[in-house]
Amino acid sequence: MSRLATGLLELAIGAAFAACTVQTYARTFSFPIGAPAATPSATATAPPHAAAAPPRLPFKGRLMDGNPRALPPAVAAALSDSGSVVFNYREELSHDHYTVPLALSAFDPLTYVGYPLGSYSVTAFASLGISRGDRVLGDYTAKVTVSRDYTLYYQPTYIELEHEAKAKVREKIDEQLYRDAGRLAQAAAPGSP
């Protein structure tokens, strides 16, 4: 009789646990883990995204420090060997990893239906300096962190996270340049002090 009561108690606890996690379980299958949930009205009415042109800098310049193939689009479009303005661009990446303890995930039934076991993240930091001679025309910094959960069935790579983080941090630098284009044009004018 005691075995029957214990079995029923285990069954009741399992049912209660399952009832509490139905919403989480349903969300697991409704969109990929780590991806933002899309609302039906937003996806039905949104036009296809057109590639936005990078902001144009009002001057040309030389790259003093940095990789010419790894620049924000606005800076890459403004490169010239004969420019009097100098660009210094630098990116740094850091990696992070979190794992749910094995003692918890091994006995959690949600692990086997795709619940996250941990996450990977990459943080990109970028700095851009624009100068002419000893005079600093602009100094910009940006930081972006990209994270993805991983499951028993899906594991992102650091390479894809690095590419996404670099693209986003360069986009942030371009946004800052776009907002500051008027001031930069005045500062870089030939007769400016």
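Shown in residue order for the range 168-180 are the 3J(HN,Hα) couplings computed by the Karplus curve 6.51 cos²θ - 1.76 cosθ + 1.60 at θ = phi - 60°: 6, 6, 5, 5, 5, 5, 4, 4, 5, 5, 4, 5, 9 Hz (x for Gly and Pro).
Distances between placed amide hydrogens fall under 5 Å for residue 150 paired with 117, 118, 119, 120, all partners being 5 or more residues away or on another chain. Subtracting the Cα-Cα distance of residue 168 and residue 56 from 0.36 nm times their residue separation leaves 38.5 nm of extension gain. For residue 187, neighbours were defined as the other residues whose beta-carbon sits under 10 Å from its Cβ, and their charges (Lys and Arg +1, Asp and Glu -1) total +2.
Spin-label pair residue 106-residue 186: with each label point 7 Å from Cα along the Cα-Cβ axis, the two points sit 6.6 nm from one another.
Once you reduce the range 126-182 and the range 80-109 to the center of their Cα atoms, the two points are 11 Å from each other.
Between residue 96 and residue 64, what length comes free when the chain is fully extended (0.36 nm per residue of separation minus the Cα-Cα distance, one decimal in nm)?
The span from residue 96 to residue 64 would gain 8.4 nm if fully extended.
The average projected area of the range 54-188, computed from the convex hull of its Cα atoms over all directions, is 9.4 nm². Look at 57, 110 and count the other Cβ atoms within 10 Å of each Cβ; fewest to most, that gives 110, 57.
No value in this document is a laboratory result; all are computed from the given coordinates. It should be emphasised that the depicted structure is a prediction, and the values quoted were computed from it without experimental measurement. Please note: Cβ atoms are built from the backbone with ideal geometry, for glycine as well, and neighbour counts cover all protein chains shown.
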